[in-house]
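Q: Mind having a look at this structure? Questions to follow.
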Amino acid sequence: MALPLPDSSFLSAASDSLKRMLAAQAVPVRLSAGQVLFEQEAQGDSLFAILEGQLEFSVIAANGRKLSLDLMGPGAVFGEITLFDPGPHTATVTALTPARLLRVRHADVLNKIHHSPDLADDLIRLAGQRMRWMGRLLNEQVFLPLSTRLARRLLHLGEVTGGAEGGAVGLSQAELAEFVGATREAVSKTLSNWREAGVIETGRGGVKIHDRIALQALADLEAI
């Protein structure tokens, strides 16, 4: 019996026939908290969909410093580029909590496309959409100021770690600094200013968002 894939993220614009084909190839994967799904530079050949849990995506910079790129939760899909071109992973993926995923291998998808070539057009279109999304992320990291990047990250991470309301981010200031590519001191100063303005609250448990509308304005979501 086919296992249902999340109808979101990379797969939200997929045709029904493509979704059914991918679901038919999916196999379950379980991770314990702290377990590494795969390491940066390790060979990859699979798409993954998160059903339960939180996964961190990180890289090691040239200076040896760890840089957290993203945090994903249920409904997220990643590794889709390997459906077209298996190769080295660009990041390490670690389960922050016990997690349950679905895995779809390149070889299985390729075999199905050989029998149904029309599915290839849908996959190529989805790949183009993902490339544009990655380009926007790169533009943010290069061109946006720290305050804007941090506000956007808090909004995103709040949705992943804080539930449907996205009101809390259970990460330390050092961890937030990793996510935005800045120093802990710079992040701490920015958060302090926002705390004084009543936008957020900080403590040992992380950051709690009090004024989401104000934070969205700081994120300047129309930029880039």
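Q: At 1.4 Å probe size, with the rest of the protein present, what percent of the exposed accessible area of segment 145-220 is carbon and sulfur atoms?
A: The value for segment 145-220 is 47 percent carbon and sulfur by accessible area.
Q: Oh, and also: Determine which lysines satisfy two conditions relative to Lys189: a Cα distance under 22 Å, and not lying fewer than 8 residues away in the same chain.
A: The reachable lysines, counting only those whose Cα sits under 22 Å from Lys189, are Lys66, Lys208.
Q: Okay, next question. Could you order Phe57, Phe143, Phe84 so the one with the most accessible surface comes first? Probe is 1.4 Å.
A: Putting Phe57, Phe143, Phe84 in descending order of accessible area: Phe143, Phe84, Phe57.
Q: Quick check: convex hull of the Cα atoms in segment 11-142, volume per residue, rounded to a whole Å³? All intermediate terms of the calculation are to be shown ahead of the outcome.
A: Values: hull volume 14.0 nm³, N = 132.
Cα convex hull per residue, to the nearest whole number: 106 Å³.
Q: For a protection proxy built on the mean count of beta-carbon atoms within 10 angstrom, sort 93-101, 209-217 highest first, please.
A: 93-101, 209-217
Q: What is segment 145-220's relative contact order, in percent, from Cα pairs under 8 angstrom and six or more apart in sequence?
A: Relative contact order here is 35 percent.
Q: Let me ask you something else. Which whole number in µm²/s is D for segment 145-220 by Stokes-Einstein, with the Kirkwood Rh taken over Cα pairs at 20 °C and 1.002 mPa s?
A: 181 µm²/s
Q: Now for a separate question. Rounded to the nearest 20 debye, what is the charge dipole size of segment 145-220 about its Cα centre when +1 sits on each Lys and Arg Cβ and -1 on each Asp and Glu Cβ?
A: Here the size comes out at about 100 debye.
Q: Can you give me the Cα centroid spacing of segment 185-209 and segment 22-79 in angstrom?
A: A separation of 28 Å, based on Cα centres.
Q: Pop out the ³J(HN,Hα) list for segment 94-101 in order, Karplus 6.51 cos²θ - 1.76 cosθ + 1.60 with θ = phi - 60°, rounded to Hz; leave Gly and Pro as x.
A: The phi angles translate into 10, 6, 7, 9, x, 9, 10, 10 Hz.
The values are calculated or read from the model by the stated rules, or taken from the named source; none is laboratory data. Small disclaimer: the values here were computed from a predicted structure and weren't measured. We place every Cβ from the backbone using ideal geometry, glycine too, and count neighbours over all the protein chains shown. What goes into the accessible areas is simple: the full protein's heavy atoms, side chains included, and nothing from ligands, DNA or RNA. Shrake-Rupley method; radii C 1.70, N 1.55, O 1.52, S 1.80 Å.
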